[in-house]
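Shown next, in structure tokens, is the structure this report addresses.
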Amino acid sequence: MGDDGRARALSILAEVEGALADIRCQGSADCCRFAVTGREPWLTVVEWRLVVAELRRQGRRLPPPRESDDGRCPFLTDQARCQVYAARPLGCRSHFCERATPPAPHASAFRLAARALAELSAVEASSNDDAGSRPITSWLAAEQVGPSRARRAQRARRRDGR
Ligand code: SF4
């Protein structure tokens with residue numbers, strides 16, 4: 001993904017965040033502990049590339065996959081901060097949490113998020129990267145085994161309809 005695609009994707013994410021600006025979060029970081037919520041953010045390849053680029057900008061490497069009882073995100077620091085906050089994916093900006101105030105995002109925010117996802121997919125299709133969304137831990141695991149091997153495996157899954 002080139003600089004243009006990256007800038008476009010970041011501006012889409014910022015737009016969603018602006019629309020959700022009046023939602024208050026208690027900052028417990030529970031949503032970053034996937035075994036607590038039973039959910040994990042799914043990222044398009046564009047969002048994953050943003051995460052990788054943000055780490056690179058900070059001079060950091062990708063963290064190893066993590067084993068923990070609460071299923072914490074590999075990008076959650078010991079101080080309960082997001083290491084890639086500036087480039088965190090759409091799912092991490094959406095406040096789909098019962099404890100957020102107001103408790104549920106308004107319809108306009110849902111519509112905006114859906115449009116943003118469609119736009120991200122368009123950015124994705126115009127790049128040479130593989131398309132498709134995956135859980136954040138799956139992206140990380142695929143990166144550890146090597147992007148080309150992961151891409152071959154993904155193509156094989158698509159071909160076989162898996
Ligand atoms: S990427 Fe950041 S905000 Fe999203 S789940 Fe991981 S630590 Fe939390």
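Side notes on the structure shown:
- Top-ranked residue in the range 1-36 [being in contact with a Ser or Thr (Cβ under 6 Å, 6 or more places away or on another chain) and not basic (Lys, Arg); ranked as modelled with the highest pLDDT]: 31
- Residues located in the range 22-38, provided they are part of a helix (DSSP H, G or I) and not aliphatic (A, V, I, L, M): 30, 31, 32, 34, 37
- Checklist (1) over 24 Å from residue 72 (Cβ atoms); (2) at pLDDT 70 or above applied to residue 126, failing item: (2)
- The residue that is surrounded by the fewest Cβ atoms within 10 Å (Cβ to Cβ), counting only those in the range 1-21 that are touching a residue at least 60 places away in the same chain (Cβ under 8 Å) and more than 16 Å from the ligand (Cβ to nearest atom), is 2.
- In the set (1) in a helix (DSSP H, G or I); (2) closer than 17 Å to residue 141 by Cα; (3) among the hydrophobic types (A, V, I, L, M, F, W, C), the condition left unmet by residue 62 is number (1).
- Top-ranked residue of the range 39-59 - restricted to ones that are in contact with a Leu (Cβ under 7 Å, 6 or more places away or on another chain) and either part of a loop (DSSP other than H, G, I, E, B) or acidic (Asp, Glu) (or both), ranked as nearest to the ligand (Cβ to nearest atom): 47
- Which numbered condition residue 74 misses (of (1) more than 10 Å from the ligand (Cβ to nearest atom); (2) part of a loop (DSSP other than H, G, I, E, B); (3) surrounded by 14 or more Cβ atoms within 10 Å (Cβ to Cβ)): (1)
The values are calculated or read from the model by the stated rules, or taken from the named source; none is laboratory data. Just so it is clear, the structure is predicted and the values come from calculations on it, not from any experiment. Positions of Cβ are generated from backbone atoms using ideal geometry, with glycine treated the same way; all protein chains shown enter the neighbour counts.
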